[in-house]
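Comments concern the structure below.
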Amino acid sequence: MSSNFKIAVLVSGNGSNLQSLIDAKKNFFFNSEIKIVISNNNNSYALKRANNNNIKNIFINNDNDLNEILIKEKISLIILAGYLKIIPDFILKKYLIINIHPSLLPKYGGKGMYGLHVHKEVFKNKEIYSGATVHQVTNIIDGGKIIIQEKVNISDCKSPESIQIEVLKVEHNILKKAIKIIEEENIIF
Ligand code: GRF
């Protein structure tokens, strides 16, 4: 028997990873329900994506409001999909939380390693492979248990931006798979 989670997707920007989850859910790829999309940025395009798909969505500007909404919606799984804020300890302790990171962790992880910063470093080091990782969120930045990781050959990429495009494709492929893995592991938190 697999678990069924009530998911909150936390976002800050474009929300292409959120979109990959919305599409996967439409195709019955996983059982769990995307209950709410929460953004710390009122202009986040991810909020529009949620709206367009009739998913409850909210802008929050502090962690107490975040805490309250998670309780109110009876959330059992939090997905950080391009959420650019640190989750405070009091929330970390209570929830199963996963994050999508645009590199092959433990490489190119840690403080300051987000978005294009990651791809710039990868480019500078002339890596042949990059990729994406979904991992559990703990109080060590990008240091939690790895749930799924996939690599992509980037030897043809001529800029950090082109690496980002290739890596995003991988992100969209593995984030939905991570949900399925967690459902099948029957994790009770
Ligand atoms: C992705 O690269 C993700 O790995 C990172 O932030 C970016 C968000 O992209 N944490 P999007 O908002 O899902 O399009």
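Does region 119-162 hold any residues that are of a type outside the set (D, E, K, R), over 13 Å from residue 99 (Cβ atoms) and either under 15 Å from the mean Cα position of the chain (by Cα) or surrounded by 15 or more Cβ atoms within 10 Å (Cβ to Cβ) (or both), and which are they?
Start the filter on region 119-162 by keeping residues that are of a type outside the set (D, E, K, R), which leaves 119, 122-123, 125, 128-141, 143-144, 146-149, 152-155, 157, 159-160, 162.
Filter again for over 13 Å from residue 99 (Cβ atoms), leaving 119, 122-123, 125, 128-131, 152-155, 157, 159-160, 162.
Matches in region 119-162: 119, 122, 123, 130, 131, 152, 154, 157, 160.
Being surrounded by fewer than 21 Cβ atoms within 10 Å (Cβ to Cβ) and within 14 Å of the ligand (Cβ to nearest atom) is a description that does not apply to residue 25. Within region 53-80, residues that are farther than 25 Å from residue 115 by Cβ have Cβ atoms under 9 Å from residues that are at pLDDT 95 or above and acidic (Asp, Glu) in these pairs: 56/73, counting only partners at least 6 apart in sequence or on another chain. Selection of region 147-176 for residues being in contact with a Ser or Thr (Cβ under 6 Å, 6 or more places away or on another chain) and over 22 Å from residue 19 (Cβ atoms) yields only 154.
Scan region 87-111 for residues that are of a type in the set (A, V, I, L, M, F, W, C) and in contact (Cβ under 8 Å) with a residue 40 or more places away in the chain and jot them down.
So the first thing to find is which residues in region 87-111 are of a type in the set (A, V, I, L, M, F, W, C), and the list is 87, 90-92, 96-98, 100, 104-105.
Hits for region 87-111 are 87, 92, 96, 97, 98, 100, 104, 105.
A count restricted to region 88-112 and to residues that are in contact with a Ser or Thr (Cβ under 7 Å, 6 or more places away or on another chain) and within 10 Å of the ligand (Cβ to nearest atom) stands at 2.
The values are calculated or read from the model by the stated rules, or taken from the named source; none is laboratory data. Keep in mind the model is a prediction, meaning the values are calculated, not measured. Cβ sites come from the backbone with ideal geometry, for glycine too, and all protein chains shown count toward neighbours.
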